[in-house]
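Undergrad: This is the structure I want to talk about, given as structure tokens.
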Amino acid sequence: MKPYFETMDRFGKALKPGRIKRGAASADALREVEAGIADAVTAVEEAGFPTEKINARGWMTVYQRLDYLVDTGTWHPLHTLYNPLENEEGKTNVVDGLGQIEGRWAVVIGFDNKVMAGAWLPGQSENILRATDLAARLNIPLVWLVNCSGAKLPEQEKFYANRRGAGTPFYRHAELEQAGIPVLAGIYGTNPAGGGYQSISPTILLAHKDANMAVGGVGIVSGMAPKGGFDTAMVEELIAKANAFTGRPPGDVATHHDVTGFFTRVYEEETGVLDGLKEYMRAMPAYGSMFFQAAEPKEPAFPIDDLYSLLPANPKEVYDFDEILARLVDGSERLEFRPDYGPEVFTGVCKIDGRLVGCIGNRQGYLGKGYPGYADYPGMGGKLYRQGLIKMNEFVTLCGRDRLPIVWFQDTSGIDVGELAEKAEVLGLGQGLIYSIQQTDVPMMLVVLRKGTAAAHYVMGGPTANRHNAFTLGTPATEIEVMHGETAAVATYARRAAKEHAAGRSLDPVIDKMNELVERYHKTSRPAYCARQGFVDEVVKLTELRRYLQAFTGAAYQNPTSICPRHHMLLPRVIRG
Amino acid sequence: MAEEVLAPLAGKVLSVAVAVGDAVEEDDELLVLEAMKMETVVYAPADGTVGSITAQVGQQVEEDDPLMTLD
């Protein structure tokens, strides 16, 4: 298959000075958003006790543990700003992402021991489920750094119970194990109650010498005397009991290594635990990179910094998606699928580090005379029409057949609307795409380059409407909402405006409401909001996009659950004819 | 010889970035057209000097209408 993959069709062109000059203000705007995101990330990382204070107690912070554990330069954080219930701590209290340990990809997640000794906080279980889903979708190990003091008790009603509550990760660990995906745990500190189950539910438990895990901690064991309320005498009694307690916390290494044997190993040093995790990672199944490389890895032919000139911050400005893609894929090469059909979307096979991936993205701008053929209005990229939907259905189906992971790039204002579009079956074809994606059973990732709007955000590999989306990235230009704020204001208030007008009343109150709605949509669709709410799994700098594509493809090809030999692939033959 | 710059699509002229006599390089912005809620930048197809401008801000143009010439 060398003729297909070694050198594919080159595309893209070098930026001219005029384009760079014209895009300068937009590039500044994008970098300003990135700087704001970076500040927010720093605030999350600095939450809780300062690192020095943790170190003075003889402990490493979760960030120091990650730094020691993960191979240099391979950490790809996810969910950094995720805080859907707006905790005052500014985070859900777990730190997670994709990283390599001893050359093997893993989903790594740890409790932030700087904040309430790694307590469960509202929204944390959803964060953890994203990590377990990621490990399941990519079929790679899940590695835990457990250091969890249990629930933040004053807010337990927000996360303890419910179908996706704080206990859900325990059975998710069981599900991963059933699927043959190991869960490793390095265990530190005091882990009572929820922390105890966080510790016991993984597959291999490696403990620090001072670690413990238990069904209940010292607070409960020594202090339970329910009498329906508290008074001064009772609290003084509690204080006396607490002060008098000199015993070991339940479930320390003397119990769970020496007696139960739950802890596989115990280490004197904190770094020893991490070295143990590395040793276990070396024993994990993983294909060597050459196994799935269809060609030698190549850098893109154009600098990635060009993206700041190519992706307009202005959501209304048209740009050339192909030029964006040319900055992200190996050699700026591709095999395009059906270039003469469905011009509003690019579909094609590209390479990332020499491994084949299917790429799909919205093309922007005027689509030419006579398109879409079913309507008398002009077609504009970003919107999806009959042909584009059919093309994506075909392409993902063939990717599934050839076992190619898929990378989606969204900048979409929605699927075409109106009676003519309905007659052109766009409703059925959109849902058909969801069906086509589901049946592929290949890992996918999504980059919301700019707009993710309406049902098109769902059907184009969006995390809402399929199980194969491993993770979704936002950029500094990302904007996710059901429709643009101005459209929503019209839909909400047009009738009321007409009524007020007919009654001879002032339109000012309606206009104020419309502008308020536009402003609200703006605030709740921007990158930082999308990251906090989990609409995207991380907002990354444009210059980081290729790194995340490399992490995704590397992880997807590390230990795939099914394989299509390259010489059996159909898609390249369909493309070349 | 003057090169005509034509409207790539029907739309409203939102802004004109050059004036007659301006020297432009290939890929410099000439004007912006608005259509279907989107803004399409028309770039200089080659290096040259703006010879004449027929497009007016706010004007509705049809596809292939002349917008300006480059000498």
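Undergrad: Looking at segment A:92-99, can you tell me whether even one residue there is surrounded by fewer than 18 Cβ atoms within 10 Å (Cβ to Cβ) and not hydrophobic (A, V, I, L, M, F, W, C)? Spell out the reasoning first.
TA: Step one: list which residues in segment A:92-99 are surrounded by fewer than 18 Cβ atoms within 10 Å (Cβ to Cβ), which gives none.
Within segment A:92-99 (the criterion being surrounded by fewer than 18 Cβ atoms within 10 Å (Cβ to Cβ) and not hydrophobic (A, V, I, L, M, F, W, C)), the answer is no, since none of the residues qualifies.
Undergrad: Take the conditions more than 30 Å from A:V540 (Cα to Cα) and either at pLDDT below 95 or among the polar types (S, T, N, Q) (or both) and apply them to A:F230. Does it pass?
TA: yes
Undergrad: Still on this structure, please answer the following. Please identify the pairs in which a residue from segment A:13-42 that is farther than 18 Å from A:V318 by Cβ and more than 14 Å from chain B (Cβ to nearest Cβ) has its Cβ atom under 8 Å from the Cβ atom of a residue that is surrounded by fewer than 17 Cβ atoms within 10 Å (Cβ to Cβ) and of a type in the set (G, A, S), counting only partners at least 6 apart or on another chain.
TA: Listed by first residue and then by second, the contacts come to nothing, as the list is empty.
Undergrad: Give, as residue ranges, the helices (runs of 4 or more DSSP H) completely inside segment A:1-72 that count at least 2 residues that are of a type in the set (D, E, K, R), over 30 Å from A:D112 (Cβ atoms) and outside the structural domain of A:G118 (by TED's automatic domain parsing).
TA: Numbers: elements: A:2-5, A:17-22, A:24-45, A:51-56, A:62-69.
The helices (runs of 4 or more DSSP H) meeting that bar are A:17-22.
Undergrad: Next question. Can you tell me which residues in segment A:285-318 are away from chain B (no Cβ under 14 Å) and either hydrophobic (A, V, I, L, M, F, W, C) or assigned to a strand (DSSP E or B) (or both)?
TA: Restricting attention to segment A:285-318, the residues satisfying the condition of being away from chain B (no Cβ under 14 Å) are A:285-305, A:307-308.
Those that are away from chain B (no Cβ under 14 Å) and either hydrophobic (A, V, I, L, M, F, W, C) or assigned to a strand (DSSP E or B) (or both): A:A286, A:M290, A:F291, A:F292, A:Q293, A:A294, A:A295, A:A301, A:F302, A:I304, A:L307.
Undergrad: Let me ask something else. For segment A:376-389, enumerate the residues that are more than 12 Å from every other protein chain (Cβ to nearest Cβ) and at pLDDT below 95. I'd like the intermediate steps shown before the answer.
TA: Step one: list which residues in segment A:376-389 are more than 12 Å from every other protein chain (Cβ to nearest Cβ), which gives A:376, A:384-389.
Passing the criteria: only A:D376.
Undergrad: Another one. List, please: which pairs have Cβ atoms under 6 Å, are six or more places apart or on different chains, and start with a residue in segment A:275-299 that is closer than 18 Å to A:L404 by Cβ and end with one that is of a type in the set (S, T, Y) and surrounded by 12 or more Cβ atoms within 10 Å (Cβ to Cβ)?
TA: What qualifies is A:F292/A:Y557.
Undergrad: When you check A:G165 against the structure, is it crowded, with 18+ Cβ neighbours inside 10 Å and in contact (Cβ under 8 Å) with a residue 12 or more places away in the chain, yes or no?
TA: Working: crowded, with 18+ Cβ neighbours inside 10 Å: no; in contact (Cβ under 8 Å) with a residue 12 or more places away in the chain: yes.
For A:G165, the condition - crowded, with 18+ Cβ neighbours inside 10 Å and in contact (Cβ under 8 Å) with a residue 12 or more places away in the chain - is not met.
Undergrad: So, in segment A:188-200, exactly how many residues are part of a strand (DSSP E or B) and touching a His at 6+ places or on another chain (Cβ under 7 Å)? Write out each step before concluding.
TA: Initially, segment A:188-200 is screened for residues part of a strand (DSSP E or B), giving A:190-192.
Applying the additional criterion that residues be touching a His at 6+ places or on another chain (Cβ under 7 Å) yields none.
Going through segment A:188-200 one residue at a time, the tally reaches 0.
Undergrad: Looking at A:F346, A:F263, can you tell me which residue is at pLDDT 95 or above, surrounded by 21 or more Cβ atoms within 10 Å (Cβ to Cβ) and part of a loop (DSSP other than H, G, I, E, B)? Talk me through it step by step, then tell me what you get.
TA: On the way: A:F346 fails: part of a loop (DSSP other than H, G, I, E, B).
When all the criteria are applied, what remains is A:F263.
Undergrad: Are there strands (runs of 3 or more DSSP E) fully within chain B with at least 3 residues that are within 11 Å of another protein chain (Cβ to nearest Cβ) and crowded, with 18+ Cβ neighbours inside 10 Å? List them. Spell out the reasoning first.
TA: On the way: elements: B:3-6, B:11-16, B:29-35, B:38-43, B:48-53, B:66-70.
Result: B:29-35, B:38-43.
Undergrad: For segment A:373-426: of the residues being under 30 Å from A:A294 (Cα atoms) and aromatic (F, W, Y), which is surrounded by the fewest Cβ atoms within 10 Å (Cβ to Cβ)?
TA: A:W408
Undergrad: Test of understanding: among A:A494, A:A488, A:A465, A:A477, which residue is surrounded by fewer than 21 Cβ atoms within 10 Å (Cβ to Cβ) and part of a loop (DSSP other than H, G, I, E, B)? Break it down stepwise before answering.
TA: Working: A:A494 fails: part of a loop (DSSP other than H, G, I, E, B); A:A488 fails: part of a loop (DSSP other than H, G, I, E, B); A:A477 fails: surrounded by fewer than 21 Cβ atoms within 10 Å (Cβ to Cβ).
When all the criteria are applied, what remains is A:A465.
Undergrad: Next question, about the same structure. Quick one: in segment A:497-538, of everything that is polar (S, T, N, Q) and assigned to a helix (DSSP H, G or I), which residue is nearest to A:E34 (Cα to Cα)?
TA: Within segment A:497-538, the first condition is being polar (S, T, N, Q), and the residues that meet it are A:506, A:515, A:524-525, A:533.
This time we only want the ones that are assigned to a helix (DSSP H, G or I), so: A:515, A:533.
Values: A:N515: 27, A:Q533: 18 Å.
So the residue we want is A:Q533.
Residues checked against (1) under 22 Å from A:G99 (Cβ atoms); (2) in contact with a Lys or Arg (Cβ under 6 Å, 6 or more places away or on another chain); (3) modelled with pLDDT under 95:
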residue	(1), (2), (3)
A:D275	yes, no, no
A:M281	yes, yes, no
A:M290	yes, no, yes
A:I304	yes, yes, no
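Undergrad: Of the conditions (1) surrounded by fewer than 22 Cβ atoms within 10 Å (Cβ to Cβ); (2) not aliphatic (A, V, I, L, M); (3) not in a helix (DSSP H, G or I), A:Q438 clears all except one; give me its number.
TA: Just one mismatch for A:Q438, condition (3).
The values are calculated or read from the model by the stated rules, or taken from the named source; none is laboratory data. On a predicted model such as this, the values are computed, not experimentally measured, just so you know. Using ideal geometry, Cβ is built from the backbone for each residue, glycine included, and neighbour counts are taken over all protein chains shown.
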